[in-house]
1. For region 38-77, just say rounded, prolate or oblate: build the C-alpha gyration tensor, square-root its eigenvalues into a ≥ b ≥ c, call rounded for a/c under 1.5, and beyond that prolate if a/b exceeds b/c, oblate if not.
2. For 33, 49, 44, write out the residues from largest to smallest accessible area, computed with a 1.4 angstrom probe and no ligands counted.
3. Quick one: accessible surface of residue 52, probe radius 1.4 Å, all protein chains present, in square angstrom to the nearest 10.
Amino acid sequence: MVSALAPRLPSALLDQAAKRFPDLVSMGALTIISNIYGNPAVSIPAGTIDGLPVGMQVLGRHHEDARLFDVALAVERSRPWPLVAPAVVG
């Protein structure tokens, strides 16, 4: 809806956020657009790198939250998620 009324508004919001909070934007740059538009998302455990857990974010179309739950369930069934977080050694 926002993009139909003011198509440049998301870009303007991102520009202002980048100027005021550069660290926040660099950490969440790939998720901000989805949040502005209201797309549903789910984070799915995708393994570990150097012993630390890594997640994969999957985005869906508006009002398709149930489809994301189905995707997450399919991934969990094919690669069961650990019941505890991995221990950090070092």
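1. Oblate shape, in that a/c is at least 1.5 and b/c is the bigger or equal ratio.
2. Largest accessible area first, the residues go 49, 33, 44.
3. Its accessible surface works out to 90 Å², give or take rounding.
The values are calculated or read from the model by the stated rules, or taken from the named source; none is laboratory data. If you're wondering where the values come from, they're calculated on a predicted model, not measured in any experiment. These accessible areas exclude ligands, DNA and RNA; they are computed on the full protein's heavy atoms, side chains included. Shrake-Rupley method; radii C 1.70, N 1.55, O 1.52, S 1.80 Å.
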